[in-house]
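Here is the structure we will look at.
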Amino acid sequence: MKEKEITQNEEKRSLSFVEQFVKEDLEAGKNGGRLQTRFPPEPNGYIHIGHAKAICMDFGVAEKFGGVCNLRFDDTNPSKEDTEYVDSILHDIEWLGFKWGNIYYASDYFEKLWDLAVWLIKQGLAYVDEQTSEQIAQQKGTPTQPGTASPFRDRPIEENLRLFEHMNTAEAVEGSMVLRAKLDMANPNMHFRDPVIYRIIHTPHHRTGTKWHAYPMYDFAHGQSDYFEGVTHSICTLEFVPHRPLYDKFVDLLQQKDQQYDYRPRQIEFNRLNLTYTVMSKRKLKALVDERLVSGWDDPRMPTVCGMRRRGYSAQSIRNFIDSIGYTKFDALNDYALLEAAVRDDLNKRACRVSAVLNPVKLVITNYPEGQTEELTAVNNPECEADGTHQITFSRELWIERDDFQEVAEKKFQRLAPGKEVRLKNAYIIKCDEEHPCDKDADGNVVTVYATYDPETRSGLPGADRKIKGKTLHWLSCGHCLPAEVRLYDRLFSVENPAAEEADFRDLLNPGSLTVLDHCYVESYLKDAKPGDFLQFQRIGYFTPDLDSRPDHLVFNRTVGLKDTWRK
């Protein structure tokens, strides 16, 4: 095979099928060589990692091929939408590292969409139906059986116009009538069986107030909005495949009415992002928030972008994960552990290493002078020398993890035990006292461990090379650390695919998804740590300060452990 052909084949393999379609269209000169995409969220909730996948594609393909991606809010249902959601979506997109060309709203086109609906009525292509939603649904038929025509299907044009005008008044009753496109009740594609294109909603709109009382349906507004804006590639998820013919049909009718543009947006569908042990339904996520089963949309257990940010995920780790799973034509359930691996890999490169003791027990070094302290040097990030160092104070009395001491050591236990040696990180080798290794309280719990240190083995000195069998333990000086609350997060649901279960999703929540530890200690170095700082608590995991954290009450969230322990 020729070298040029090999290069072309390698390039094809490096592009997703969506990107390949876009590349071919540009090379063919379609749309005058213009590329314009859009991300069209409905502002009825906070965006989640599934939306992040669409964002990465919509913005990423425009960036890769020199096009523009606009942001358009699909605000056609005021009963569910709010400016709070608009603001959150703007913030989350910017946090992920993307920048839109323009901001649009479907409500920008309400006049144009209304005019198109009136034109359809005048052409005999739309009618007002006064049946209930249940009656309309019953008449739809099945994919193998044609639907039944509405008794209002052949209503006179003038009557339809009058009733449609009435739909847009404060006197119209919600649910009393809808406007339907008159298409084909026998079409095997159920979406063509006289779809509803307008309904009555009296909830004030977050942008237009009470100007409108009749609002367009998604299928009617979406394609037309793409057309009005000049979108060349309408990239969406697989559930819109059966909607595509209707998308094209409405664009055809709009072109027939306006006779203004001869281009057509190309709709391309890819697979949704689904994760184990969580749900992606906005309805279910909103229920969790409204019923206070989580602390809010930004609860660190939620799959929302703001929740993941609060938990300590970096924007790059989310993008890396999305890139790793790719874009296909087949839906799949992605393992949450893959996301955590991407987070772990990214944070390893950027997190500052610090010491924290989550389940403390006191360690007294009996031969260390009372009242004496030392400032020892700790490397901030061994992966990045430019991140520098900081000082940590060493003293006679220290906190260590309770699990790092056993009075009666198991056979393979390599931490602190009577007569055993360990190294204290950045400090000295110590040996646990054999005759009196610990003190206990009345309930038999260890409260103090005793050891001696070897002053010749401080890190950096020649004696530090002395080999021992014991592990290296992290620690904190009792008099030079800060109390903290630590929140340990786990899977939100206890079953792998809660969306596939027949049980109420609320009953599938994991009761152990949050553990709060309120007697922890961290380095004094973290007194000014802020949400968004990436930290590694050595030997424990990656953490970040929570939004609740204050100078007088530090709170840290566990982002992810150092290793994947879920499967174990």
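The values are calculated or read from the model by the stated rules, or taken from the named source; none is laboratory data. Computed from a predicted structure; not experimentally measured. Cβ atoms come from the backbone with ideal geometry, glycine included; neighbour counts cover every protein chain shown. Each accessible area value is taken on the protein alone, full model and side chains, heavy atoms only, with ligands, DNA and RNA left out. Shrake-Rupley method; radii C 1.70, N 1.55, O 1.52, S 1.80 Å.
Data overview
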item	result
HN-Hα J in Hz across region 168-181 - Karplus 6.51, -1.76, 1.60, θ = phi - 60°, x for Gly and Pro	9, 10, 5, 7, 5, 8, 4, x, 7, 7, 9, 9, 10, 6
Heavy atoms of Cys438: accessible area, 1.4 Å probe, square angstrom to 10	10 Å²
With DNA, RNA and ligands ignored, accessible area of Thr373 (1.4 Å probe; Å², nearest 10)	70 Å²
With 10 Å bins from 0: P(r) over region 7-157, alpha-carbon pairs, percent	9, 24, 24, 25, 16, 2, 0
Percent carbon-and-sulfur accessible area, the chain, ignoring ligands, DNA and RNA, probe 1.4 Å	47 percent
Debye, to nearest 20: dipole size of region 363-504, +1 on Lys, Arg Cβ, -1 on Asp, Glu Cβ	700 debye
Å² per residue, accessible surface of region 244-396 at 1.4 Å	43 Å²
Per-selection metrics, region 176-288 (Cα): Rg and Dmax in Å	16.6, 50
Nearest-0.05 FRET efficiency for Gln138 and Gln259, computed from C-beta distance (R0 56 Å)	0.90
Sequence of Glu239, Glu502, Glu63 when ordered by accessible area, the most exposed leading, probe 1.4 angstrom	Glu502, Glu63, Glu239
List Lys329, Lys122, ordered by accessible area with a 1.4 Å probe, largest first	Lys122, Lys329
Of all DSSP beta bridges in the chain, antiparallel share, percent nearest 5	65 percent
Taking only Cα atoms of region 122-231, radius of gyration then Dmax in Å	14.7, 43
Gyration tensor (alpha-carbon) shape descriptor, region 427-490, a/c threshold 1.5	oblate
Sites Ala28 and Val408 - FRET efficiency at Förster radius 51 Å, r taken between beta-carbons, to 0.05	0.10
Overall Cα dimensions of region 515-568, principal axis frame, Å, largest first	37, 20, 18
Projected label distance in nm at Thr208 and Glu375, using a 7 Å step from Cα toward the beta-carbon	6.5 nm
Per residue value of the accessible surface for region 24-141 (all protein chains in place, 1.4 Å probe), Å²	38 Å²
Accessible area of Leu562 in the full protein assembly, 1.4 Å probe (Å², nearest 10)	60 Å²
Pairwise label distance in nanometres, Asn510 with His191, each label 7 Å out on the Cα-Cβ vector	3.6 nm
Cα-Cα pairs of region 453-568 separated by more than 19 Å (percent)	61 percent
Whole-Hz couplings from phi, Karplus 6.51/-1.76/1.60, listed for region 423-433; x for Gly and Pro	9, 8, 3, 6, 10, 10, 7, 10, 10, 6, 4
Spatially proximal lysines relative to Lys469 (Cα-Cα < 19 Å; intrachain offsets below 8 disregarded)	Lys411, Lys412, Lys420, Lys425, Lys431
Heavy-atom SASA rank of Leu508, Leu517 (probe 1.4 Å, accessible area, largest first)	Leu517, Leu508
Å² of accessible area per residue within region 478-568, as computed with a 1.4 Å probe and no ligands counted	53 Å²
Cα long-axis angle, helix 336-350 against the chain (0 to 90 degrees, to the nearest 10)	60 degrees
Cα-based helix-to-principal-axis angle, 315-325 vs the chain, degrees rounded to 10	70 degrees
Coordinate range along principal axes, alpha carbons of the chain, Å, largest first	101, 66, 41
Nitroxide proxy distance, nm - points 7 Å out along Cα→Cβ at Glu496 and Arg466	5.1 nm
Degrees between helix 244-258 axis and first principal axis of the chain (Cα, 0 to 90, nearest 10)	50 degrees
